[in-house]
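Just below is one structure, and these are the notes that go with it.
The values are calculated or read from the model by the stated rules, or taken from the named source; none is laboratory data. Remember, it's a predicted structure, so these values are computed and weren't measured experimentally. Because the Cβ atoms are built from the backbone with ideal geometry, glycine has one as well, and the counts that use them run over all protein chains shown.
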Amino acid sequence: MSIRGAVQGVGFRPFVYRLAAEMSLPGWVINSAAGVIVEVEGRPETLREFLVRLERERPPRAVVHGLEPCWLDPVGFERFEIRHSEGGERRTLILPDIAPCDDCLRELRDPADRRYRYPFVNCTNCGPRFTIIEGLPYDRPLTTMKRFRMCPACQAEYDDPRDRRFHAQPNACPACGPRLQLWAPDGRCLYEADEALRYAANAISQGLIVAVKGLGGFHLVVDARHDAAIERLREAKGREEKPFAVMVAGVDAARHECEVGALEARLLASPEAPIVLMDRRRGGSIAAAVAPRNPTLGLMLPSTPLHHLLLAELQHPVVATSGNRADETICTDEREALARLAGLADLFLVHDRPIARHADDSIVRVVLGRELLLRRARGYAPLPIGLAGTTAARGDEAPSVLGVGAHLKNTVAISVGEAVFVSQHIGDLETPQANEAFEHVIADLERMYQVSRSRVACDLHPDYLSTAYARAAATPAIGVQHHVAHVLSCMAENEQEPPLLGVAWDGNGFGEDGRIWGGEWFEVAASGVRRVASLSPFGLPGGDAAVRDARRSAAALLFALHGGAALAMDDLAPIASLPPIERRTLRTMLERGLNTPLTSSAGRLFDGVASLLNLRHRVAYEGQAAIELEWAARGGRPGCTYPFVIHEGREFPPGERDEAPALVDWQPMLEALIADLRAGAPAADLARRFHDTLAEMIVAVASRQGLERVVLSGGCFQNRCLTERAVTRLREAGFRPFWHQRIPPNDGGIALGQVVAAAWGMGTQR
C-alpha cells in the first residue's frame, strides 16, 4: 500500500513495524519521495484489521491524506523489516518544525541523563524538520545533519525500531552533535557549550543585546524588564513603536503577564509554539517599552531546547524579536549575522547546525473561540491547503501553478496535484535581501517537490516586484485582482465552492479599473467573479503619504462631506493639528485632484476615523491607527448603529461593460459620528458604533445579494472586534459566514488565492 501525507519524520515506520510485529504480519515498510510504502502478508481478515488500525492508531503528528491498498499474491516474507528509503516522484508532505516534547524536556532537565542540558535534544516526536530538510525523502543524508556522524549510542537509538529516536534525523548528543558557542562581534569564540549559555544569560540580564541562533534563524534577545535595553534595540532596528514579542518560560509565567484563556494556553504550549496575542494584565513585570500604549502583548514559549535552557537560566521574560534590520529577512547563518547585525547585537550565541531555510515565528490570536493565524511560518509552514474543494478534479498530473503573492507580507505558493504548498512568511519586498529571499523560496519549493510550473499567477499591480518577476518568467503570467485573491484564499481554506458572497476589506489593492480598491464585495459563481458592491470612493491626498499620516485620510473624508470648508474645522482634532500651510496644500490637492487618487479603502476609512477621534494621527507601523481604533472600540458600550445608504449600480450600454457595483455610502455614518463627537460622547462609544455599523453594511449587502454563504477576508479582518461583530450579525440574519484560521486574512494569504484563481481559470493573461 501507498500512504501519502505528513508521514515522514513522525515515527510512522516504527509504528508500522510495531503494529505488524504485534499482529504477526511479515513484510516491509519504506520511505519514498511520495510518502510511505508498506507490504504485509497475512490472512485477509487480519490485513483488513491492519488497515483499520493503521489509520486509527497512527502517531499523533502524522497526517494521512491518502491510503491506497493494492492486493497482491503472497511472496513468502519471513519477517517484517524497515528498508532503506528510495527516491522517485516527490509528493510526501514536509512537516513543520516541532517544539520540544515532554520526554525530551525531561531528559534535558535530568542530571543523570546523557543529554542533560544539551541544547539540541530531539526525537521523532519533536525537533527541527522544515528548517533542516535539503531534499526528499526525509533521511539524514538529505538534511543539514549529514555533517554530524552519530556516536555508537546515538546510532543504536537511530537503528532500533522500538526506540522513540528510531530514524529521528536530527538525533545527536553532546558527544557527536551540534555545539554551542558564544561569539564576540568580531567572530571570536569567547565560550563554548554550557559556559556559553551561562555567559549569554548573564549578558542579557545586564542589559546587553544577544543574537541567538534558533531553528529558522536568529532572535535578538534582551531583558523584557529593562527599558533602556529595549529602547536601544528599538533605535538600532529602526522600530519606533511597533510592539516586540516576548518569550516566557511557561504558561504560568504567561498568566502573570496576560489574560490567558483556555485556547490561548493550548496555543502557547502547542507543538507549533506561536506568538499569541493576548490582553495585558496589570502588575506584570514586562516593561512598558515592549509595547508602548498597547493593551495587548505577544507572548510565546520556548520553541527549542536552547531557548528552554536560556529562559531557565534567566528566570525572567525576554524580548525575542527577529534577527534582522527593518524590511530585511531574518538572518540564518552566523557569519551573515555578524555582518548584517553589526552594531546591533553585543554578543552572538551560535551553533554549527546549518539552517536550510528561514522561518520566522508565527503569530496567532483568538477570535470567536478559534485560532486566527496572522503570520504563518514556524510550526505551520509548509503544510498544504487542498484544492479539491474549489476546483474540478485535477489529479496528480495536473500542471503546477506558482502564485508569487503581494508586495507586503509576501508568501509564495505552488500547487502539486490537488495540494497547494504555501511558503513561510517572507515579508515586505522592500530590500535586495527580501527580493533575494523571495526568489530563493520559489526555487526551493520547486526543487523540493520537483515540479515545473506551467503558469505564474500574480497581482495586477504593475509596480509590485512579485508582478515583475511573473512577467519576466518564461511561463505564462496570469493576473489576479488583489481582493479576488483574498476571497478565493478564504474559500480554499474553508473548502467552499461557489456560489457565495465574498467580502474583501483591506488597506489597498490595485483595482481592475486602475483605482485603489479596499472595501469590496464580490459574487463568486461557477462562471467567474463579479464585483457587486464597494465602499463609496474618496480622494486620498498624497497617496502612500496618507498611509503614514492618518490626518490626510480624515481630511479626505471631511472634504467628501463639506468640500473646502472641511479644512477650516478647527474643532476637529486632525484639522486643528495641521499647520496652516499644510491645510492649504491639502485643500488644493483635494479640490484639484492633484496626486489624490480615488480609493474605496476600508483601511483608510479606519485611519480617518481614528484620527477624528484623536486616537492616532501619525502612524509608526502598518495598521497602527486602525489597531488603536479597535482597542478603543473594545471599551465602548453597545448601542445604536449609524445610518448609511446603498446606492444601486447603474446599467451601461450592452457590450460596453457589466453593471457597475452598488456603492455603500459611509457619509451618513460619518456625519452622525461627528455630531456625537461634538456633543461630547466618549471616543470608545463612537469607535464601538463605527465597528457595529461596518458589520451592518456587510449584512445589508449580503441581504441584497441573497447568497447564504459569506466569506470574510483582507487585512481588516485581523480586527477581532470587526470580525466578531460581522460574524455574529451575519449568523443572526440567517447567513453562514466563513473566515480565516490557518491562512492569514492579510496579504500573507494572497499567493494561495492566486493559485486557486489560476487553477480555476479565473485570472487574466498578462
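Based on what the data block shows, is residue 214 assigned by TED's automatic domain parsing to the domain that holds residue 290, of a type outside the set (D, E, K, R) and within 16 Å of residue 334 (Cα to Cα)? Yes: the conditions hold for residue 214.
For residue 748, indicate whether it is buried (at least 21 other Cβ atoms within 10 Å of the Cβ) and either outside any loop (DSSP other than H, G, I, E, B) or not aliphatic (A, V, I, L, M) (or both).
Details: buried (at least 21 other Cβ atoms within 10 Å of the Cβ): yes; either outside any loop (DSSP other than H, G, I, E, B) or not aliphatic (A, V, I, L, M) (or both): yes.
For residue 748, the condition - buried (at least 21 other Cβ atoms within 10 Å of the Cβ) and either outside any loop (DSSP other than H, G, I, E, B) or not aliphatic (A, V, I, L, M) (or both) - is met.
Being among the basic types (Lys, Arg) and either touching a Gly at 6+ places or on another chain (Cβ under 6 Å) or at pLDDT below 85 (or both): is that true of residue 129 here? It would help to see each step written out before you state the result.
Working: among the basic types (Lys, Arg): yes; either touching a Gly at 6+ places or on another chain (Cβ under 6 Å) or at pLDDT below 85 (or both): yes.
Taking the combined requirement at face value, the residue satisfies it.
Elements of the type helices (runs of 4 or more DSSP H) sitting completely within the stretch 252-365 and holding at least 1 residues that are modelled with pLDDT of 95 or more and touching a strand residue (DSSP E or B) at 6+ places or on another chain (Cβ under 6 Å): these cover 262-268, 334-340. Of all the numbered requirements in (1) closer than 25 Å to residue 135 by Cα; (2) surrounded by 14 or more Cβ atoms within 10 Å (Cβ to Cβ), residue 60 misses one, and that requirement is (2). Taking the stretch 405-485 and the strands (runs of 3 or more DSSP E) fully enclosed by it, the elements with 1 or more residues that are among the β-branched types (Val, Ile, Thr) and over 28 Å from residue 4 (Cβ atoms) are at 477-480. The set of residues in the stretch 115-158 being buried (at least 21 other Cβ atoms within 10 Å of the Cβ) and among the small types (Gly, Ala, Ser) consists of 127 alone.
Applying the criterion of at least 2 residues that are free of Cβ contacts under 8 Å to residues at least 40 places away in the same chain and farther than 27 Å from residue 293 by Cα to the helices (runs of 4 or more DSSP H) found wholly in the stretch 622-731 leaves 667-678, 683-705.
Being free of Cβ contacts under 8 Å to residues at least 12 places away in the same chain and part of a helix (DSSP H, G or I) holds for only one residue in 53, 48, and it is 48. List the pairs whose first member sits in the stretch 194-206 and is over 13 Å from residue 307 (Cα atoms), whose second member is of a type in the set (Phe, Trp, Tyr), and whose Cβ atoms are under 6 Å apart, counting only residues at least 6 apart or on separate chains? Cβ pairs passing all conditions: 199/191.
Applying the selection to the stretch 308-339, what residues are among the charged types (D, E, K, R) and in contact with a helix residue (DSSP H, G or I) (Cβ under 8 Å, 6 or more places away or on another chain)? If the condition is that a residue be among the charged types (D, E, K, R) and in contact with a helix residue (DSSP H, G or I) (Cβ under 8 Å, 6 or more places away or on another chain), then 313, 325, 327, 328 are the ones that fit.
Being assigned to a loop (DSSP other than H, G, I, E, B), touching a residue at least 60 places away in the same chain (Cβ under 8 Å) and of a type in the set (Gly, Ala, Ser), is that true of even one residue in the stretch 82-95? Step through it out loud before you land on a result.
Narrowing the stretch 82-95 to residues assigned to a loop (DSSP other than H, G, I, E, B): 83-95.
Filter once more, keeping what is touching a residue at least 60 places away in the same chain (Cβ under 8 Å): 89-95.
Adding the requirement that they be of a type in the set (Gly, Ala, Ser) leaves none.
There is no residue in the stretch 82-95 that is assigned to a loop (DSSP other than H, G, I, E, B), touching a residue at least 60 places away in the same chain (Cβ under 8 Å) and of a type in the set (Gly, Ala, Ser).
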